[in-house]
Structure formats: structure tokens, C-alpha cells
Amino acid sequence: MSAGSAQLWAGLGNPGAQHRWDRHNVGFMVVEAVARRHGFAEWRDGKGWRAARGEIGGVAVFLLEPLTYMNLSGGAVQSAAEKFRLKTERILVIHDELDLSLGRVKVKTGGGDAGHNGLRSITAVTGADYRRLRVGIGRDGGDARDYVLSSFSATERAEMLTPLLDAIAENVPYLVKNDEENDNRFLSAMDVAMSPLRGGATATATVTGKAPKKETD
């Protein structure tokens with residue numbers, strides 16, 4: 001395991017127990033599920049963040065949670081990247097996505113922030129060329145700010161959120177490869193896991209087929 005292969009996976013959210021199950025905190029939920037599934041070391045505090053170190057598929061991964069609020073996430077990501085000596089192309093940001101329904105995920109590199117304050121803050125300090133794992137939370141037709149700060153219901157957590165987090169944690173060995181082919185494999189595996197819960201039957205990609213159509217910001 002070489003230092004050059006290490007990656008930083010930053011889950012976005014707001015600190016504090018009152019935000020634990022907020023839709024906006026799904027990035028925190030993902031990195032915590034990954035840490036549990038893959039036996040990461042104890043979380044340790046840094047400068048405006050906390051991180052856990054582990055290994056996935058022979059690659060060192062630092063899981064990060066900014067301890068600032070969402071709109072200041074960039075400072076925490078920059079601080080951790082500098083501490084662990086990782087370039088932007090080794091950063092994966094995991095965040096909530098209003099334009100995807102709950103149970104759907106997408107992977108992309110670069111692009112705009114689509115009004116997401118955490119992405120805007122990170123882009124301001126690192127540039128836009130980091131990878132993103134976009135985790136769908138859907139919309140309710142009301143005020144977007146109120147919606148993202150609302151909590152998942154007990155039914156949503158039991159029927160969709162918990163299986164989603166488990167499926168992501170199970171399939172992240174594809175993501176650690178950091179290439180388009182394995183990102184495509186990850187999406188296929190996620191569709192196999194989640195389509196029955198969404199009432200769907202068709203995967204967005206196949207392991208050997210073409211990459212799924214990219215969604216716009």
C-alpha cells in the first residue's frame with residue numbers, strides 16, 4: 001500500500017446531534033456506514049474535522065467529516081487534504097442530491113455545485129475537479145432549505161435509507177479503483193441492490209456495458 005494510492009472520502013453534513021438524521025447529513029451517514037463495514041480505526045479529531053483511517057481493496061482511505069457547518073466544508077477538506085498530502089484527484093466528496101430520488105446514486109467528476117453550499121465551499125478552495133458520490137434524497141415540492149434540514153422519517157429509514165447505506169458500504173471496493181469502468185460497476189451493483197426497493201427492474205448500467213447517461217447539474 002503506497003502513500004500515492006491513498007484517498008480522502010469526505011462525507012458532508014452539519015455537526016450536532018440535532019442534525020443526525022437530516023437529509024442534508026446523508027454524507028455523514030455514508031462514511032460512517034463505510035467505516036463500520038470495513039473496520040476502520042477509531043475516529044480522531046483534526047483541525048475542524050474528524051477522520052478515520054482504514055483500507056479498502058488494498059488502498060488507504062481517510063474518511064472525513066467536517067466539524068464546521070455545511071457552508072464551511074471547504075476549509076476542513078483543504079486542511080485534511082494538506083495533512084494527508086493528497087491532491088484533488090484523490091478526493092471523493094459524498095453529498096446529498098435533490099435531483100435524485102431516495103435510493104438512487106450517481107458518480108461524477110467535476111461540474112457545478114447546483115446550489116449545494118458544501119460543494120460551493122469545497123470548489124472555492126480545491127477547484128471543481130474532485131469526484132462526487134451524489135446520494136439522492138428527492139424533493140417534496142416545498143422550500144428546498146427546509147426540506148434538506150428535515151429528518152428522514154422512521155419509515156424512510158427502515159425501508160430505503162438503511163438498505164441504501166448498507167449497499168453503498170458493501171460496494172465501495174469498486175469506487176476505490178478510481179476509474180470510469182469501476183464507477184460503472186458500482187452503479188450496476190447499486191441498481192441490483194436498490195431496484196427491488198424502488199419498484200424498478202432495470203439497472204442504469206451493466207458491468208460490461210456502456211456508462212450510464214450522465215445527469216446534468
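Have a look at G112, G199, G27 and tell me which one the Gaussian network model of the chain (Cα, springs below 10 Å) gives the largest fluctuation.
Highest fluctuation among the options: G199.
Restricting to segment 51-165, compute how many DSSP beta bridges are antiparallel as a %, nearest 5. Let's see the in-between values first.
Details: 11 of 17 bridges.
Here the antiparallel bridges make up roughly 65 percent for segment 51-165.
Under the rule of at least 5 residues apart or a separate chain, name every residue whose amide H is placed under 5 Å from the amide H of G103.
G136
Out of the GluC sites (Glu not before Pro) in segment 1-106, which ones are loop residues according to DSSP with at most 14 other C-beta atoms within 10 Å? Provide the component values of the computation, followed by the final result.
Details: sites: E32, E42, E55, E82, E89, E97; in loops: E42.
Answer in residue order: E42.
Over 5 Å intervals from 0, what percent of Cα-Cα pairs in segment 55-106 sits in each interval?
Bins of 5 Å from zero give 4, 15, 24, 20, 20, 13, 5, 0 percent of pairs.
May I ask what percent, to the nearest 5, of DSSP beta bridges between residues of segment 92-142 are antiparallel?
Details: 5 of 11 bridges.
Among the beta bridges of segment 92-142, antiparallel pairing accounts for roughly 45 percent.
When all C-alpha to C-alpha distances in the chain are sorted into bins of 5 Å, what percent of pairs does each bin hold, rounded to whole numbers?
For the chain, the pair-distance distribution reads 1, 7, 16, 21, 22, 18, 10, 4, 1, 0.
Suppose we keep just the DSSP beta bridges with both residues in the chain; what percent of those would be antiparallel, to 5? Before the final figure, lay out the partial values.
Values: 16 of 30 bridges.
In the chain, DSSP labels about 55 percent of beta bridges as antiparallel.
Read-outs: derived from the displayed coordinates by stated rules, not from any lab. The shown structure was predicted, so the numbers you read here are calculated from the model rather than taken from an experiment. Glycine gets a Cβ as well: all are built from the backbone with ideal geometry, and neighbour counts include every protein chain shown.
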